[in-house]
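Inspection log for the structure reproduced underneath, given as structure tokens.
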Amino acid sequence: MRTAELLLVVGLCALSVTSALKICAFNVQSFGESKANNRRVMGILMKILSRCDLCLIQEVRDQKGEAIQSLVKDLNRFDQSNTYSYVESERLGRKTYKEQYVYIYRNNMLKVKELYQYPKAGGEENNETDVFAREPFIVRIHSPTTLVKDFVLIGQHTSPKTAMKEMDELYSVFKWLYKKWKTENVMILGDLNAGCSYVTIKGWRAVRLRSDPRFRWLIGDEQDTTVRENTHCAYDRIIVHGREIISSIETGSAQPFNFKERYQLTEAEALEVSDHFPVEVDLKPNHRYLLRHEL
């Protein structure tokens with residue numbers, strides 16, 4: 001009994017340190033062929049992405065569709081203790097400027113149960129708005145290793161000029177999603193341009209995501225998600241809704257990841273990667289599940 005109890009204690013201690021699930025969102029700033037061919041940039045991206053169990057990549061701009069394939073291939077070589085897959089949105093944008101959303105995730109830990117591209121104005125599901133410059137890309141996730149087993153991610157990169165309108169419209173997306181999938185455990189994440197000159201105090205009052213107390217903003221207004229030293233703006237956000245997922249958040253884990261400081265880069269070197277820092281949050285592990293499968 002003593003040996004078994006000791007193993008249980010040791011196992012729980014190890015799991016509590018290593019088994020939280022890290023979810024990230026990263027605007028990689030015009031990620032395409034040029035960055036994919038830059039070894040130094042890709043080396044830094046490998047370090048950043050390998051910290052995340054799932055990462056929403058934004059501003060993918062690659063008409064050939066080869067840059068993300070190359071990124072995920074390199075990531076699987078870099079981190080051989082995990083296997084990575086990805087799902088991608090359509091190329092989105094109102095005019096010639098197009099971007100994609102991409103979720104890169106560890107398929108040995110997570111399963112994408114469903115994915116959905118939110119419809120454009122006049123499209124299916126009776127969505128009559130034309131608020132979004134790039135409509136949200138939505139995935140439904142099954143995560144057996146965490147306390148919350150099933151949850152939905154709504155990825156969004158707003159246009160700076162209409163950031164407040166788009167943030168408000170995400171409330172309608174949530175309501176539509178609840179009717180479609182009957183789930184309350186939702187995380188909204190991405191570069192919402194939710195800071196500095198793109199938002200106003202008066203405008204915040206009209207943003208339903210902000211005024212409804214059921215939505216928890218994990219990245220606060222005082223945070224800085226920008227690389228440049230002369231800016232201090234909380235553009236990138238993570239917002240959660242649902243009692244189960246909120247109670248599953250590791251206290252203090254939601255924050256920007258300052259890769260410039262962590263990897264001792266100059267500002268110029270960091271800006272080669274992006275002008276944004278990733279934002280991240282950890283979900284608490286399900287120790288019972290992990291003990292059954294690891295001990």
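Read the figures in this text as sums done on the coordinates, not as results from a lab. In this text, all values refer to a predicted model and were calculated from it rather than measured experimentally. Neighbour counts run over all protein chains shown; Cβ positions are idealised from the backbone, glycine included.
Relative contact order for the chain using alpha-carbon pairs under 8 Å, separation at least 6, rounded to a whole percent? Once normalised by length, the contact order is 20 percent. Here the Karplus curve 6.51 cos²θ - 1.76 cosθ + 1.60, taken at θ = phi - 60°, turns the phi angles of region 265-278 into couplings of 9, 6, 4, 4, 5, 5, 5, 5, 7, 5, 9, 10, 8, x Hz, with x standing for Gly and Pro. With 0.36 nm allotted per residue and the present C-alpha distance subtracted, the T183-S197 stretch has 1.6 nm of extension available.
Once both labels are positioned 7 Å from their Cα atoms along Cα-to-Cβ, the gap between K47 and R205 label points is 4.6 nm.
With a Förster radius of 25 Å applied to the C-beta separation of N107 and S70, the computed FRET efficiency comes to 0.90. With both labels modelled 7 Å from their Cα along Cα-to-Cβ, the E272 to D79 distance reads 2.3 nm. If the chain linking W176 and H232 were pulled fully straight, counting 0.36 nm for each residue of separation and taking away their Cα-Cα distance, it would gain 16.8 nm. Working note: 222 nm ellipticity from helices only, DSSP H runs with n ≥ 4, each -39,500 (n - 2.57), summed and divided by the residues of the chain, gives -9000 deg cm²/dmol to the nearest 500.
Fully extending the segment from W217 to Q117, taken as 0.36 nm per residue of separation minus the present Cα-Cα distance, adds 33.6 nm. Taking amide H as placed 1.01 Å from N in the peptide plane, the amide H of A133 sits under 5 Å from that of S159, each at least 5 places away or on another chain.
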